[in-house]
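Some notes on the structure that comes next.
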Amino acid sequence: MALSRRIVTSVSSVIAGMVMFADGHFADAAEANVKSPTGKDISRLIVAKLADQGLDGTPSIDKDRAFPACNTTPEIEPMFGSWNTVSVRCTSGSAWRFAIRTNLTSRPAPVPIREFRPNSKLTGPIERAVAITAKQRPIADEIEVVALAHSVSRNDVIADSDLVMITMPARNAIGAFFDPADVAGRRMKTALSAHKTLMARHLHPDFLVEEGHEVLISSSAGGISVNMIGYALENGQIGQWIGVENASSGKTVRAEIIGEKKVRVITKK
C-alpha cells in the first residue's frame, strides 16, 4: 500500500508539473503575441469587435504586417461616427494608433459619443460631445493610403501591380486614395516616383468617355434602334453632350453621354 501511494503521488506530481509548464508556455506565447502583434492578430481583434456590435467585415490589412510593440491588447474603436473605419490604438509604451478600413458587409449604425470628465457630471448634448480626459498622452495618428510600387511616367495607365499600401499621418491624407480599386485603370497626369502617395491631382479626370476613344453610338427613330461604332471628339461625363464621329460615314454629330463609352443621338422626327 505504501508503495502504491508513492507511485500515485509521483505520477500526480509529474502531471501537475506538465500542466504548469503548459500553462506557462501558452501564457508566454500569448504575451509575446500581444507585445508584437501582426496583421493577422489585429484583424482577429477587429473582427471580434465588429461581432460584438452585430457587424461583419473583412479588415483591409496584410496578415503578415508587423505592428509596433504593445504591452497591452490594442483597443479597437470606431472612427468618424461609424464602424466603416476603426482606430487600432495601443495606450502603453510608444502609444501608437492606426486607422484600418473594415470593409463592412452589413449596415453600420451611428455610434453615440459621450462627453465625460474625471469626477464630474455629464454636460451638454450627449450626441455632440467628445471624450475629454484630464491629461492625454500624444498619439501618432496614421492611416493606410495607396502609393506607387515603382516609378510611372506621364499618361501611363495604372495597373493593380503598380500599387502598394503605405501608412502616413492622417492629417496629410487629404486627396489620397484608400482603396486600390479606386485608382486601377486611371491615367497618370504627371510622372511620379516609387513609394510616393498617389493623390487625386496626380491623375487625369475619370471621364466616362475620352477624346479619341471608341464609343457606341445609339440612335432610335420610329421604334427602331440602331447601334453603330464611332469616335469621341471630346472628353465628357454622364449627361454631357459631346461631338462624335461615325466610324463608317465619317459624319460628325452631337450626342449625349449615357454610360461608359456609350452615347445617344436624338434623331429628328
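None of the figures in this text is laboratory data; all of them are computed from the coordinates on show. Nothing here was measured: the structure is a model prediction, and the numbers come from that model. Glycine also receives a Cβ, built like all others from the backbone with ideal geometry; neighbour counts cover every protein chain displayed.
Listed values, structure above:
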quantity: The stretch 142-202, Rg to Rh (Cα coordinates; Rh as Kirkwood inverse mean 1/r); calculated: 0.93
quantity: Interatomic Cα distance distribution for the stretch 214-266, bins of 5 angstrom, percent; calculated: 5, 23, 37, 22, 10, 2, 0
quantity: Chymotrypsin sites (Phe, Trp or Tyr not before Pro) restricted to the stretch 176-208 and DSSP loop, no more than 10 other C-beta within 10 Å; calculated: none
quantity: Whole-Hz couplings from phi, Karplus 6.51/-1.76/1.60, listed for the stretch 234-245; x for Gly and Pro; calculated: 8, 7, x, 10, 4, x, 7, 9, 9, x, 9, 10
quantity: The stretch 51-96: trypsin sites (Lys or Arg not before Pro) falling in loop per DSSP and having at most 15 other Cβ within 10 Å; calculated: LYS63
quantity: Placed amide H near LEU148: partners under 5 Å, 5+ positions off or other chain; calculated: VAL164, HIS195, LYS196, LEU198
quantity: Within the stretch 54-98, chymotrypsin sites (Phe, Trp or Tyr not before Pro) in DSSP loop having at most 13 other beta-carbon neighbours inside 10 Å; calculated: PHE80
quantity: Label-point separation in nm, ASN172 to ASN155, each point 7 Å along Cα→Cβ; calculated: 3.2
